1. Just name the residue that is surrounded by the fewest Cβ atoms within 10 Å (Cβ to Cβ) out of those in the stretch 322-380 that are among the small types (Gly, Ala, Ser) and at negative phi.
2. Take the conditions among the aliphatic types (A, V, I, L, M), under 24 Å from residue 269 (Cα atoms) and surrounded by fewer than 20 Cβ atoms within 10 Å (Cβ to Cβ) and apply them to residue 33. Does it pass?
3. When residue 316 is evaluated against the numbered criteria (1) surrounded by fewer than 20 Cβ atoms within 10 Å (Cβ to Cβ); (2) closer than 30 Å to residue 203 by Cα; (3) within 22 Å of the chain's Cα centre (by Cα), which criterion, by number, is the only one it fails?
4. Does residue 383 count as in a helix (DSSP H, G or I) and under 17 Å from residue 447 (Cα atoms)?
5. Which ones in the stretch 336-369 are outside any loop (DSSP other than H, G, I, E, B) and touching a helix residue (DSSP H, G or I) at 6+ places or on another chain (Cβ under 7 Å)?
6. Considering only residues that are part of a helix (DSSP H, G or I) and out of contact with any strand residue (DSSP E or B) (no Cβ under 8 Å at 6 or more places or on another chain), look in the stretch 10-33 and name the one that is nearest to residue 175 (Cα to Cα).
7. What single numbered condition from (1) under 30 Å from residue 31 (Cα atoms); (2) without any contact (Cβ under 8 Å) to a residue 60 or more places away in the chain fails to hold for residue 305?
8. Just the residues that are part of a loop (DSSP other than H, G, I, E, B), within 21 Å of residue 257 (Cα to Cα) and of a type in the set (S, T, N, Q), please, taken from the stretch 196-244.
Amino acid sequence: MEARSPSPPGITGSLLDLVGHTPLVRLPRLIEADGVEGDLVVKLETANPGGSVKDRPAIAMIDAAEQAGLLRPGGTIVEPTSGNTGVGLAIVAAQRGYKCVFVVTDKVAPEKIDLLRAYGAEVVVCPVAVAPEDPRSYYSVAERLVHEIPGAYRPNQYANPANPASHEASTGPEIWEQTAGRITHFVAGVGTGGTITGVARALKARNPAVQVVGADPEGSVYSGGSGRPYLVEGIGEDFWPTTYDPDIIDRVIAISDEESFLTARRAAREEGLLIGGSGGTALAAALRVAKEAGPSGLVVCLIPDSGRGYLSRVFNDEWMAGYGFLRTCDRCVAAVLDARGDALPPLLYVNPEHTVREAVELLRRHGVSQVPVVLNEPPFAAAEVQGAVDELRLMDLVARDPAVLDRPVGEVMGQELPTIGIGQPVELAVELLDTAPALLVLSGGRPTAVLTRTDVLSFLSSSAP
């Protein structure tokens with residue numbers, strides 16, 4: 001067979017050779033609108049072949065596994081992921097002949113799941129509202145699959161030193177060179193901690209004065225939370241990965257889901273830059289840092305992925321309004337709650353382990369007819385709502401068998417209440433209440449109140465001419 005002639009210099013030999021060397025770009029409109037005196041630029045990791053920053057550690061982790069003999073020809077890569085690491089690993093797997101099984105939570109956007117499957121991966125979906133040690137969690141399921149599948153290897157991006165090492169060797173030096181060493185601040189979202197840790201090591205080795213700032217979803221452990229609740233995908237954690245080095249990070253800023261999503265939408269509409277929700281988290285934090293940095297500041301914000309994986313959520317007006325992130329009307333659900341003049345706590349609830357007797361006492365004490373059944377303690381995520389109890393159902397059950405009073409609520413609860421966003425129209429509430437006894441109101445993505453037919457009727461009658 002005749003030898004293949006060398007490729008012309010303009011042709012890259014493999015898709016993997018295109019990973020890295022992503023561009024920096026200034027955001028002039030956001031800078032002007034927010035009164036930033038210095039400079040704010042973003043590093044567009046969307047330019048990687050898999051569309052995200054995770055392509056870098058994906059290659060590094062598989063290289064390390066092959067060299068150590070942990071992954072052999074024909075093997076299977078198993079990894080819990082929010083999507084981006086999975087895509088990076090799937091690209092490497094396609095190039096090198098491996099199979100892939102990825103475990104995701106049910107808060108991951110459906111287009112991300114479809115994307116992983118497009119690369120030929122098997123995807124297992126797990127509930128998000130469970131503890132890491134729960135056998136149903138995506139960490140536990142991934143670990144179980146590794147033991148069940150012959151020839152399986154789990155890169156474990158949360159503990160793999162190749163993860164931060166890939167950024168120390170590539171992302172950090174690129175930023176230093178692209179800014180000619182003028183960078184004063186680096187801002188990135190914190191997920192596994194690999195990106196911010198690796199970049200911090202590279203930058204501080206060159207100039208210890210460079211400030212490294214983590215952007216974290218409100219509720220995540222990095223900014224002092226318990227690990228819940230938040231809707232932003234891909235960053236924030238409910239445990240401390242060993243790939244994160246807190247000693248090298250100068251500051252962590254907590255950003256709400258609402259600010260993250262609205263900032264991502266701003267970037268698209270004001271700069272033509274389509275970024276994901278976690279990119280919105282990082283950019284929101286970077287705008288704060290850039291304002292503080294003054295005229296001499298050069299802030300670099302890492303954008304981890306594109307907004308194309310979030311079109312059904314962050315960039316969908318109906319989804320945003322339904323979770324209480326957007327106001328879509330003049331006469332909204334918020335007005336009904338304001339008119340109610342709540343003497344009640346913001347949200348009455350019971351946990352699944354509470355007894356029916358305790359639920360009945362709560363209903364009686366506050367004069368309400370139904371409450372949601374929710375995991376954990378407030379603030380809650382919508383995904384943590386497990387069902388609801390109402391006085392009619394409980395009355396029927398107790399009448400039939402008084403022993404029900406000492407049973408856990410989780411054994412007798414009914415279906416979850418339908419949800420409505422606090423910024424959605426009262427007319428939608430009327431429509432939903434035609435078939436539901438009450439609605440669970442979401443604000444900023446979190447359950448905030450129960451809205452009843454009486455509430456809406458009182459509002460409509462008081463506002464009628």
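All of the numbers you see were taken from the coordinates with simple rules; none came from a lab. None of the values given here were measured: they were computed from a predicted structure. When we count neighbours, we look across all protein chains shown, and the Cβ atoms used for this are built from the backbone with ideal geometry, even at glycine.
1. 343
2. yes
3. If we test residue 316 against (1) surrounded by fewer than 20 Cβ atoms within 10 Å (Cβ to Cβ); (2) closer than 30 Å to residue 203 by Cα; (3) within 22 Å of the chain's Cα centre (by Cα), just (2) comes out false.
4. Yes: the conditions hold for residue 383.
5. Listed by number, the residues that qualify are 336, 339, 340, 350, 355, 356, 357, 359, 360, 363.
6. Filtering first and then ranking leaves 18.
7. Residue 305 satisfies every listed condition except (2).
8. 220, 226, listed by residue number.
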